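Note sheet for the following structure.
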Amino acid sequence: MEAILQFFFTYKEAIFIIALSVFLGIEVISNVPSVLHTPLMSGANAISGVIIIGGIILVGHADASRLSLELVLGILAVIFGTLNVVGGFVVTDRMLEMFKKKKK
Amino acid sequence: ETLLELSYLVAALLFVFGLKLLSHPETARRGNLWAAGGMFLGMLTTLLLHKTDSGTPIPMANVWIILAAIGVGSVVGWIVARKIKMTAMPQLVSFYNATGGAASMLVALLEFPNANMSNKGSVLVTLLGMIIGAVAFSGSMIAYGKLDGKVGDIRSGLMKYVNILLMLVTFGLAIWMLFSGQTPADLNWAIYLLMVLSLLYGVLFVMPIGGADMPVVISLLNSFTGIAAAMAGFIYHNQAMILGGILVGAAGTILTVLMCRAMNRSLLNVIIGAFGGGPSSAA
């Protein structure tokens, strides 16, 4: 019990953020019509590309003067992250474009 | 520094706003653009304003390397997303989800050597980020293969037990790493073993699930990618990553449940039912 309380106290800010964002995420999309399920999934997928920021920080710290495993894998992470972000948003846009035409 | 934090707040708010607009038919397209704007802002300010703990900004050489990598990813991502056939879109979403998972996996893998082993919370998020990212990566690749008709279903009663065993071994290894008290250098082999186990788990997790249920599984794996990104956010204490990641994790989970409901099935049914039922049971 003591340990659990200690853990909560140490990470209280993180736990608050998690609790509130979970609620926010549920609340924001709870009334979505089923036709929008796929575009919404695709849009959320693009947002999960925020990991790209981690990739940028990672390569930003790496020693760029020599070719190390860290540098190569870091660059790969940035490329993958960008694929997720750019590809994700463009695909979502195309889906919604199609969706609009169908409705007209 | 303050400016960077402020831009992360704006980016996070744009994600929330974008997701909100995305859930209404008439505003959906604008919502997507807002979220993309938030992402662009976060990337730009990180590149320009991020400082290491010692206070030095990102060196110019590294900035060019990052820009080149972003350039490659953008061009490829853009062209593929524009050129692909409409019918191939679901597998493309799955593929992009896989790349996001792979990025999370790599970031956590590369940050592990810098981890402070006495700070259990920080080691825990690193390990979780890698496990979840790896599962999302390999699972999404299998989902992509299935939708593209390259991978078939494999079903056997034994697989359920193999999966449960593999999951226990994976988490067992992670917990042992957390409490072993060894340095990250000593545990170098273990982190790679953990990666392989997690990748294998992702494959075996999606393998038995029927093709018709793939959209639901992709949505689930998408929420995994979000959670993995949030875990990486905790490594860097990066609010935009934490909020964006958890937001996708929560929204993705609810969306998964909603999609199941639209198909008149329960989530448990999709995941577990696949082991027992044949193709005839697919709704």
If you check A:Pro33 against the conditions, is it crowded, with 24+ Cβ neighbours inside 10 Å, farther than 17 Å from B:Ala229 by Cα, at the interface with chain B (Cβ under 7 Å from one of its Cβ atoms) and not aromatic (Phe, Trp, Tyr)? no
Failed condition for B:Leu199, given (1) within 14 Å of chain A (Cβ to nearest Cβ); (2) under 25 Å from A:Ile56 (Cβ atoms): (1)
Kindly indicate which of B:Val72, B:Val93 is in contact with a Ser or Thr (Cβ under 6 Å, 6 or more places away or on another chain) and within 7 Å of chain A (Cβ to nearest Cβ). B:Val93
Has region B:40-56 got at least one residue that is open to solvent by less than 70 Å² (accessible area, probe 1.4 Å), in contact with a helix residue (DSSP H, G or I) (Cβ under 8 Å, 6 or more places away or on another chain), closer than 23 Å to A:Val28 by Cα and at the interface with chain A (Cβ under 7 Å from one of its Cβ atoms)? yes
Unmet criterion (only one of (1) at pLDDT 90 or above; (2) of a type outside the set (Lys, Arg); (3) open to solvent by 10 Å² or more (accessible area, probe 1.4 Å)) for B:Val217: (3)
Is it the case, given these coordinates, that A:Gly54 is in contact with a Phe, Trp or Tyr (Cβ under 8 Å, 6 or more places away or on another chain), within 7 Å of chain B (Cβ to nearest Cβ) and open to solvent by less than 10 Å² (accessible area, probe 1.4 Å)? yes
Would you be able to say whether some residue in region A:13-22 is within 14 Å of the chain's Cα centre (by Cα), open to solvent by less than 50 Å² (accessible area, probe 1.4 Å) and either facing chain B (nearest Cβ under 7 Å) or among the polar types (S, T, N, Q) (or both)? yes
Residue by residue through region B:139-166, note down the ones that are modelled with pLDDT of 90 or more, open to solvent by 10 Å² or more (accessible area, probe 1.4 Å) and in contact with a Phe, Trp or Tyr (Cβ under 8 Å, 6 or more places away or on another chain). B:Met141, B:Tyr144, B:Leu166
I'm trying to understand the selection: among the residues of region B:4-48, which are touching a Ser or Thr at 6+ places or on another chain (Cβ under 9 Å) and of a type outside the set (A, V, I, L, M, F, W, C)? B:Ser7, B:Tyr8, B:Lys20, B:Ser23, B:Arg29, B:Gly31, B:Asn32, B:Gly42, B:Thr45, B:Thr46
Would a scan of region A:70-79 turn up a residue that is out of contact with any Asp or Glu (no Cβ under 7 Å at 6 or more places or on another chain), open to solvent by 10 Å² or more (accessible area, probe 1.4 Å) and more than 7 Å from chain B (Cβ to nearest Cβ)? yes
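Looking at region B:104-111, is at least one residue in contact with a helix residue (DSSP H, G or I) (Cβ under 6 Å, 6 or more places away or on another chain), more than 22 Å from A:Met41 (Cβ to Cβ), more than 8 Å from every other protein chain (Cβ to nearest Cβ) and buried (at least 18 other Cβ atoms within 10 Å of the Cβ)?
Our first condition is that a residue be in contact with a helix residue (DSSP H, G or I) (Cβ under 6 Å, 6 or more places away or on another chain); within region B:104-111, this holds for B:104-111.
Right, trim to more than 22 Å from A:Met41 (Cβ to Cβ) and you get B:106-111.
Narrowing the set further to residues that are more than 8 Å from every other protein chain (Cβ to nearest Cβ) leaves B:108.
Next cut, buried (at least 18 other Cβ atoms within 10 Å of the Cβ) only: B:108.
Scanning region B:104-111, I find at least one residue that is in contact with a helix residue (DSSP H, G or I) (Cβ under 6 Å, 6 or more places away or on another chain), more than 22 Å from A:Met41 (Cβ to Cβ), more than 8 Å from every other protein chain (Cβ to nearest Cβ) and buried (at least 18 other Cβ atoms within 10 Å of the Cβ), so the answer is yes.
The values are calculated or read from the model by the stated rules, or taken from the named source; none is laboratory data. Note that the structure is predicted; figures quoted are calculated from it, not measured. Quick reminder, even Gly has a Cβ in these numbers, built from the backbone with ideal geometry, and neighbours come from all protein chains shown. Side chains are part of the model used for accessible areas, which takes the heavy atoms of the whole protein and leaves out ligands, DNA and RNA. Shrake-Rupley method; radii C 1.70, N 1.55, O 1.52, S 1.80 Å.
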